[in-house]
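The block underneath contains the structure these notes are about, expressed in structure tokens.
The values are calculated or read from the model by the stated rules, or taken from the named source; none is laboratory data. Worth saying up front: this structure is predicted, and the values here are computed from it rather than measured. No Cβ is skipped: glycine too gets one built from the backbone with ideal geometry, and neighbour counts run over all protein chains shown. These area figures cover heavy atoms from the full protein model, side chains too; ligands, DNA and RNA do not enter into them. Shrake-Rupley method; radii C 1.70, N 1.55, O 1.52, S 1.80 Å.
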Amino acid sequence: MITPEPYRIPLRTLVGVAVGDVEQRDLVLLGSAQRSRLLLALTAILELAKHPDDGRSRHGVPPTRPAAAWALLGAVQHAEPEAVEAVLRDPAVGAWAFQLLRQLAHASVAASSDAPPWAGTAVLGSLAAAAAIRAGTRCSLRVPARRGRLWLPSLGLTGAVSRGEWPVVGVERGPSGTVIFGDSGSVRLPKDLSSPAEGWSPLPRVGAAQQGREPAAGLDHLSPYRDFRSLRDPVDLAPEDVELWRARTADAYELLRAWDPAAYRVVTGTVRSLVPIEGAGASRITSASVPDAYGAVSMSLPADPLSFAATLIHEARHQLLLAVGDLTPLFTPVKEGPEPAYFAPWRDDPRPLRGLLYGAHAFAGVTSFWRRRRPVDGERADFEYALHRWELRTALAALRNATGLTEAGGLIVAALAESAGEWWADPVHGLPGQLADLCCRDTQATWRAAHLVVDERSAGRLAQHWLDGHPPPVLLPAARLTTRPAAPGRARTRLARLRFADPKAFDRVRADLGAGAVNPLGITGATPADAALIAGDIEEAVGRYRAAAGSTAAWIGIGLAGEARAALLVERPELVLALHAALLRRGVEAGPEELAEWLGSHPRSPETPVRCSAGRCRSRPA
């Protein structure tokens, strides 16, 4: 018996992944490892399927046994291996397999919309059918079809041919073609499976053609397993919408190919499908990657090629690190107590070490991209570069002091820090640098106000100092981390980004806000004061913020507007809020600027970004 050799990651591959500059052989290695991981999951499902539960279908024709479907896959693999590979490369196959494996092996609680185990295991027949159809191999299968529509991985989805939630439908492939049939109809698949036909919705292809083969990515709006949270119905995309995705994807790929060849290689080597989702608005892209579906990127449609390219880089880097993490541990287990949480500048919520590392790795690629674009995209690229550079530097400062990284994880952090070392000295002058600095300070202040609290006893002592007419203590109270949810922030950052990306749209949003509009262009929480601040109308901004002084965002806005006496509204907003609350409990009202000026009356050393453990958070002197 031959014992398979385990995968080993060469040091050059690990360093290449860290800095986002991998060779084709590295991508082949990681893709091969993901294929092996999927095959292990499929064989485990096959083994567990030998003992079907009592909930399997008892009416109509039973589904093809998983073992028979597996045998057909093996036969097709022997005759036409590329047909099977195309099916296994569909990220939705991994999403189905790993979700089902957890359900079968660990008795994980299934959502009400999940497939019952008998149907989940029998979906293996869908893989066999898709491979046989691709290879032109004769087959006769009975496969569960969610709500009567049969999913054929890598190919598409049929119309409904049967009734019920998980009816079993027939698949017959012979010399005259392929027919899918059920108790309420049938569909004959067209010879050209990439073309729509009655009862047939093909998986659209987008992106860049690779050496004469089909385009790199599927536009998956069809698969029931395309969502990592639960099963989903197909979403109709009008032909013009599909063409818009194709055009914008092609433009983004071409931009990457011309301006960032290393990033282009990573994107084309990892991104296998794009899953269209609804975004938060035209000014904000929503995107995500998950370990179960290697190669799948869920994202809303970006407004322009630059935003599209940056998003692809971000998610492709997630794919790289996910693949590495499957082969070697990046984090040491937390043996006891809650997992430490950190300030991640790109998120509104505290993040575990894993989230901090994955985010830093992704944003390093985005930062590098915008740095390359500075000569041609001017102020927009300067702003994005300065903003993401600060996010990366802040995250790396925390990662270098973290204790939960393995040797491999530490190597990735070290390589990231070394590759970005020369960025810190790059000057970013003028308005882009000023607004990027404002947005960075706003991000940290907003996070502190949302997640750090000063205990009431310490705040009460401060309040008594105030009431007695004494100066504040030299050592101000520390804060502790809370788990309370934070309202979405970053309105000022999104307004600044819009000002550089589309100045006319920014002017329209400012006018709309002034006229009383709520969340224009999906910029949640934006106010006329925020728009005035980003536009540089400081006097108007401060006046509007003072008029809305009951809002924490307005307090921070006053500090951002450059009021020197209100600096602590940005540096320690949680402390000003705690003092204000303590005074209110004593029936005393005081303004935010007055409190911040009093708290800041003692000279202090500059502070580094906040570092949080599971318990307390402190800003340490630099």
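General observations
- Any hit, region 377-396, residues being open to solvent by 10 Å² or more (accessible area, probe 1.4 Å) and more than 30 Å from residue 558 (Cα to Cα): yes
- Of all residues in region 475-491, at least one satisfies being of a type in the set (D, E, K, R) and at positive phi.
- Top-ranked residue of region 482-497 - restricted to ones that are modelled with pLDDT of 95 or more and out of contact with any helix residue (DSSP H, G or I) (no Cβ under 6 Å at 6 or more places or on another chain), ranked as least open to solvent (accessible area, probe 1.4 Å): 494
- Tabulated pairs, region 447-465, first more than 24 Å from residue 348 (Cα to Cα), second part of a loop (DSSP other than H, G, I, E, B) and open to solvent by less than 10 Å² (accessible area, probe 1.4 Å), C-beta under 6 angstrom, 6+ apart or interchain: 465/472
- Of the residues in region 227-244, at least one is of a type in the set (D, E, K, R), closer than 20 Å to residue 305 by Cα and surrounded by 14 or more Cβ atoms within 10 Å (Cβ to Cβ).
- Against the numbered list (1) within 23 Å of residue 372 (Cα to Cα); (2) acidic (Asp, Glu); (3) open to solvent by 20 Å² or more (accessible area, probe 1.4 Å), residue 260 comes up short only at (3).
- Residue selected from region 569-581 under the condition open to solvent by 20 Å² or more (accessible area, probe 1.4 Å) and of a type in the set (A, V, I, L, M, F, W, C), by the criterion nearest to the chain's Cα centre (by Cα): 577
- Positions within region 342-366 being crowded, with 21+ Cβ neighbours inside 10 Å, outside any strand (DSSP E or B) and either of a type in the set (D, E, K, R) or more than 12 Å from the chain's Cα centre (by Cα) (or both), in sequence order: 343, 344, 345, 350, 353, 356, 357, 360, 361, 364, 365, 366
- Of the set (1) part of a loop (DSSP other than H, G, I, E, B); (2) touching a Ser or Thr at 6+ places or on another chain (Cβ under 6 Å), all apply to residue 294 but (2).
- Residues that are under 24 Å from residue 320 (Cα atoms), under 21 Å from the mean Cα position of the chain (by Cα) and not acidic (Asp, Glu) number at least 2 in the following helices (runs of 4 or more DSSP H) confined to region 382-494: 407-420.
- Figure legend. Inter-residue proximity from region 188-206: first residues part of a loop (DSSP other than H, G, I, E, B), second residues of a type in the set (Phe, Trp, Tyr) and open to solvent by 30 Å² or more (accessible area, probe 1.4 Å), beta-carbon distance below 7 Å, spacing 6+ or different chains. No pairs are indicated.
- Residues (in a loop (DSSP other than H, G, I, E, B) and loosely packed, with under 15 Cβ neighbours inside 10 Å) located in region 520-544: 536
- Test: residue in region 165-178 that is within 19 Å of residue 201 (Cα to Cα) and in a helix (DSSP H, G or I): no
- Hey, residue 249 without any contact (Cβ under 8 Å) to a residue 60 or more places away in the chain, open to solvent by less than 20 Å² (accessible area, probe 1.4 Å), part of a helix (DSSP H, G or I) and not aromatic (Phe, Trp, Tyr) or not: yes
- Which listed residue, of 278, 315, 336, is open to solvent by 30 Å² or more (accessible area, probe 1.4 Å) and either touching a residue at least 12 places away in the same chain (Cβ under 8 Å) or within 30 Å of residue 507 (Cβ to Cβ) (or both): 278
- Applying a threshold of 8 Å to beta carbon distances and a minimum spacing of six or more residues, or different chains, the list of pairs starting in region 42-54 at a residue that is at pLDDT below 55 and ending at one that is among the hydrophobic types (A, V, I, L, M, F, W, C) reads 52/118; 53/118.
- Residue list for region 439-464, filter: among the small types (Gly, Ala, Ser), under 9 Å from residue 574 (Cβ atoms) and surrounded by fewer than 22 Cβ atoms within 10 Å (Cβ to Cβ): 450
- One residue stands out among those in region 498-516 that are within 29 Å of the chain's Cα centre (by Cα) and small (Gly, Ala, Ser): the one that is most open to solvent (accessible area, probe 1.4 Å), which is 501.
- Residue within region 390-403 that is in contact with an Asp or Glu (Cβ under 9 Å, 6 or more places away or on another chain) and at pLDDT 95 or above present: yes
- Close Cβ contacts (under 6 Å, 6 or more residues apart or on different chains) running from residues in region 346-369 that are without any contact (Cβ under 8 Å) to a residue 60 or more places away in the chain and closer than 26 Å to residue 428 by Cα to residues that are open to solvent by less than 10 Å² (accessible area, probe 1.4 Å) and part of a loop (DSSP other than H, G, I, E, B) comprise 356/344; 359/344.
- Residue that is farther than 26 Å from residue 308 by Cβ and open to solvent by less than 60 Å² (accessible area, probe 1.4 Å), where the choices are 189, 255: 189
- Test: residue in region 575-598 that is in contact (Cβ under 8 Å) with a residue 40 or more places away in the chain, touching a helix residue (DSSP H, G or I) at 6+ places or on another chain (Cβ under 6 Å) and under 24 Å from residue 388 (Cα atoms): no
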